[in-house]
Amino acid sequence: MAAKAVKIEYKKRSDGRSWEELRPIEAKTGIVPRADGSASFKIGHTLAYAAVYGPRDLHPKFMQNPETGILRCRYNMMPFSGHGERVRPGTSRRSQEISMLMSKALLPVLDLKDYPNSVVDVFVELPETDAGTRCAGISAAAMALADAGLAMKDLVVSFSMGYYDGQIMCDLSGYEDCDVGVSDIPVAYIPSMDKFSLLQLDGEVPKEDLIKILQLAKKKALDMYKVQQESLKAKYRQGE
Amino acid sequence: MTDTLHAKERDIVVPGEIVAEGLGFLPSKGLYREGEKIRAGRMGMIAVEGKVVKLIPLSGAYLPKLNDKVICKVIDVLMTGWRVETRSPYSAVLGLKDATTEFVPRSADLTQYYALGEYILCKIIQVTSQKLIDITMKGPGLRKLKNGRLVEVNPHKVPRIIGKDGSMVLMMKNATGCTITVGQNGWIWVEGPAPEAEMQAVAAIKKVEEDAHLPGLTEKMKEFLEKLTGKPVEIPQGLPPMQEEPAYEREERRERRPYGGGGDTRHGPGRRGPPRNTPGDN
């Protein structure tokens, strides 16, 4: 966000959370029966649906890679998803960029070597948005890919971290991101490899604090990781 | 370092989950070792056999495998064969040589043998690294599928639908009176005496697919089939007698003649007239 002319005093979180608390998370797997894999991921008022199709035949042919299958992501905010302001339907520069970084965040865990010349399509739709959409999209997509039965080393956990006036915080809300002007640091973390597959920074943060932020992010990621794992398993618990 | 197993038999695991620790365990396909830890490399169910930890996949696309019997759909006619859909990311080619033992003239209309949209039961005879697939129709039971309906199931549930030594599919066949042909790619052909019987078989297949990961499935299916058909059902014991599969039959061809009838004489068998290059001609 652009720097604010007047700095807002922000000593307590507007939704009553503690600085390190994530918003309530709800995750579901298998929400689109016709898709090969699907999941929904809701964090606070941000909701992402992800559907995976494939591996399947890839056209146009020039996109085919004879060495491996490719991953193609599509990120889309629905027109009515925001705060009153209608989102113009279709791709935009922003959604194209986010689509690309989503596939880059997910690729390190995926192994598509068994499927040369093919494609795995991931469609992420956001019916309700309140900051952290790319992160919710990545978390949902990782679950949907696992549900599709693809070879994966791990799931990917993603949420945003924040920094404002020397205060570190987790999982920004729309108010904090847009109105307060908290530095937004979206991260995607792969627990088993102990690596980040996405790290962006929108705002300013001192170097020492960034390291602290990432350490805290690793800790909080494990909470979210458990929710993802549980929801994937829950699909097979029904009827037992 | 003591070897510890973190997941029990029949546990569902997700990618990245630690299944076992210690060098005493061996990971099989779908699992990977990272230092001392064995982690799941995809979603699936755990099966432990002594030191070997196995992962049974629950979902995912069908990957064509050599010698698999699959049900395919003819999607295109090529110069010397047919292209068929295998229900995997890749299509397969049925060459003329592998399709029929008959002599096929050069200009023959290949749709006389297999027309677009027809389903066939075939066997995979070659899969390359780039997933180019060759199939054949030569083998016991391989045939064109007619008069019946197609059921789509998850290809990873096929072993459960077949059951141990084919017991599950045999039980469903006996209970419903239908012929059930199961392709490894998750396409199943059901052919019965009446549409009602076919629908019963379809319902039973769908039930097995749904409950494939649950224990005691055979008993459950027995009850389900009894309720469905209203007749007592027996669980096939031991090795069932080898199913007599219909021998490879020559498909009767639909005669498709160009207007005027009389057939196409340009490509009759053999050349007429005196043979060329007869020795001692000069």
One checks the Cα atoms of segment A:25-235 and finds Rg and Dmax, in Å, of 16.8, 51
Search the structure for amide H atoms under 5 Å from the amide H of A:L58, placed 1.01 Å from N in the peptide plane, and list their residues when 5 or more places away or on another chain.
A:V119
Can you list the residues, at least 5 places off or on another chain, whose amide H is less than 5 Å from the amide H of A:I168, using H built in the peptide plane?
none
Here the whole-number average of other chain Cβ atoms within 10 Å per Cβ of B:58-68 is 3
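Other chains' Cβ within 10 Å of B:8-16 residues: what's the mean? Please report the intermediate quantities before stating the final value.
On the way: counts 0, 0, 0, 1, 7, 3, 14, 17, 15.
Going residue by residue through B:8-16 and averaging, the value is 6.
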Amide H contacts under 5 Å for B:T179, placed H, 5+ residues apart:
B:E191, B:G192
Quick one: of B:K138/B:K206; A:K42/A:K104; B:K69/B:K164; B:K164/B:K206; B:K54/B:K227; B:K73/B:K173, which pairs are farther than 28 Å apart, Cα to Cα?
B:K138/B:K206; B:K54/B:K227
In whole percent, what relative contact order does chain A give with Cα contacts below 8 Å and a gap of six or more residues?
23
Place a +1 charge on the Cβ of each Lys and Arg in segment B:117-168 and a -1 charge on the Cβ of each Asp and Glu, then give the dipole magnitude about the Cα centre in debye, rounded to the nearest 20.
120
What order do you get for A:R74, B:R160, B:R42 when you list them from fewest to most C-beta neighbours inside 10 Å?
A:R74, B:R160, B:R42
Quick one: give the max-minus-min coordinate of the C-alpha atoms of segment B:8-57 along each principal axis, largest first, in Å.
23, 21, 16
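Find the Rg to Rh ratio for segment B:69-145, where Rh is the Kirkwood radius over alpha-carbon pairs and Rg uses the same atoms.
Values: Rg = 11.6 Å, Rh = 12.4 Å.
Computed over Cα atoms, the ratio is 0.93.
Work out the mean other chain Cβ neighbour count within 10 Å for the residues of A:146-157 and drop it here as an integer. Please list the in-between numbers first.
On the way: counts 7, 5, 5, 13, 7, 9, 7, 8, 8, 5, 2, 0.
Per-residue shielding by partner chains comes out at 6.
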Given the convex hull of the Cα atoms of the protein assembly as shown, what is a quarter of its surface area in nm²?
37.9
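Considering Cα pairs under 8 angstrom that are at least six residues apart, work out the relative contact order of segment B:24-83 and quote it in whole percent.
Answer for segment B:24-83 is 25 percent.
Based on DSSP H runs of at least 4 residues, each adding -39500 (n - 2.57), what is the mean residue ellipticity at 222 nm of the protein assembly as shown after dividing by all its residues, to the nearest 500 deg cm²/dmol? Mind showing how you got there, number by number?
On the way: 8 runs with 108 residues, N = 522.
Helix-only estimate at 222 nm: -6500 deg cm²/dmol.
In which sequence would B:T179, A:T91 go, from the one with the fewest C-beta neighbours within 10 Å to the one with the most? Don't jump to the answer; show the numbers that get you there.
Working: B:T179 17, A:T91 12.
Going from sparsest to densest Cβ surroundings: A:T91, B:T179.
For a footprinting-style exposure proxy, rank B:M45, A:M169, A:M102 by other Cβ within 10 Å, fewest first. Before the final figure, lay out each step's value.
Details: B:M45 19, A:M169 24, A:M102 27.
By the 10 Å Cβ count, ascending, the order reads B:M45, A:M169, A:M102.
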Which distance in nm do the two modelled labels at A:T68 and B:H6 give, with both placed 7 Å along the Cα-to-Cβ direction?
2.5
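Let's see if you can work this out: charge +1 on each Lys and Arg Cβ, -1 on each Asp and Glu Cβ, no other charges. What is the dipole magnitude of the protein assembly as shown about its Cα centre, in debye to the nearest 20?
Roughly 1280 debye, rounded to the nearest 20.
Any read-out appearing in this document is the output of simple, stated calculations on the displayed coordinates, not a laboratory observation. Fair warning: this is a prediction, and the values are worked out from it, not measured in the lab. Quick reminder, even Gly has a Cβ in these numbers, built from the backbone with ideal geometry, and neighbours come from all protein chains shown.
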